[in-house]
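A.B. asks: Dumping the structure here so I can ask a few things about it.
The values are calculated or read from the model by the stated rules, or taken from the named source; none is laboratory data. Predicted model, so just to flag it, every value in this text is computed and none were measured. Cβ coordinates were reconstructed from backbone atoms using ideal geometry, including for glycine residues, and neighbour counts include every protein chain displayed. Calculation scope for accessible area: heavy atoms of the full protein, side chains included, ligands and nucleic acids excluded. Shrake-Rupley method; radii C 1.70, N 1.55, O 1.52, S 1.80 Å.
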Amino acid sequence: QVQLVESGGGLVQPGGSLRLSCVVSGTIFSKYAMGWYRQAPGKQRELVAEITSRSSTNYADSVKGRFTISRDNAKNTVYLQMNSLNTEDTAVYYCNRLPPVPNYWGQGTQVTVSS
């Protein structure tokens, strides 16, 4: 059974930083491209960062230059370093394969940016 467990969210002031982690189990993690997605209240889920099996990366324009995605295949973990956070980054953040597999969505981790 494949499981993706996100962690690292929290409440942070504008301009602050957070590092999210996603531990993947039950699948050969290193073979797949992975993505970090987010869903803000009243909005559709969107892809914010992606990383291929060879660690090539791509970002949504809204986070480019502020967010960094990385992966550690030995730990079956994908990370999202988020810097210079602003209120528009407030959302539940999820990881999933790229393209996403419907059954793989986890609970996500809440990121709230507020003063």
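A.B. asks: If you go through region 22-37 one residue at a time, how many are open to solvent by less than 20 Å² (accessible area, probe 1.4 Å), in a strand (DSSP E or B) and touching a Ser or Thr at 6+ places or on another chain (Cβ under 9 Å)? I'd like the intermediate steps shown before the answer.
C.D. replies: First, pick out the residues of region 22-37 that are open to solvent by less than 20 Å² (accessible area, probe 1.4 Å): 22, 24, 29, 34-37.
If we keep only those that are in a strand (DSSP E or B) as well, we get 22, 24, 34-37.
Adding the requirement that they be touching a Ser or Thr at 6+ places or on another chain (Cβ under 9 Å) leaves 22, 24, 34.
Residues that pass the stated criteria total 3.
A.B. asks: Keeping to region 74-94, report how many residues are on the phi < 0 side of the Ramachandran plot and part of a loop (DSSP other than H, G, I, E, B).
C.D. replies: 4
A.B. asks: Step by step: first the residues of region 55-73, then only those that are part of a loop (DSSP other than H, G, I, E, B) and either of a type in the set (Gly, Ala, Ser) or modelled with pLDDT under 95 (or both), then the one that is farthest from residue 96 (Cα to Cα). Which residue is that? I'd like the intermediate steps shown before the answer.
C.D. replies: Residues of region 55-73 part of a loop (DSSP other than H, G, I, E, B): 55-56, 60-66.
Now restrict to residues that are either of a type in the set (Gly, Ala, Ser) or modelled with pLDDT under 95 (or both): 55-56, 60, 62, 65.
Details: 55: 15, 56: 16, 60: 16, 62: 19, 65: 22 Å.
So, considering only residues that are part of a loop (DSSP other than H, G, I, E, B) and either of a type in the set (Gly, Ala, Ser) or modelled with pLDDT under 95 (or both), the one farthest from residue 96 (Cα to Cα) is 65.
A.B. asks: Another one. Kindly provide the set of residues from region 58-104 that are surrounded by 14 or more Cβ atoms within 10 Å (Cβ to Cβ) and among the hydroxyl-bearing types (Ser, Thr, Tyr), ordered by number.
C.D. replies: 59, 68, 70, 77, 79, 90, 93, 94, 104
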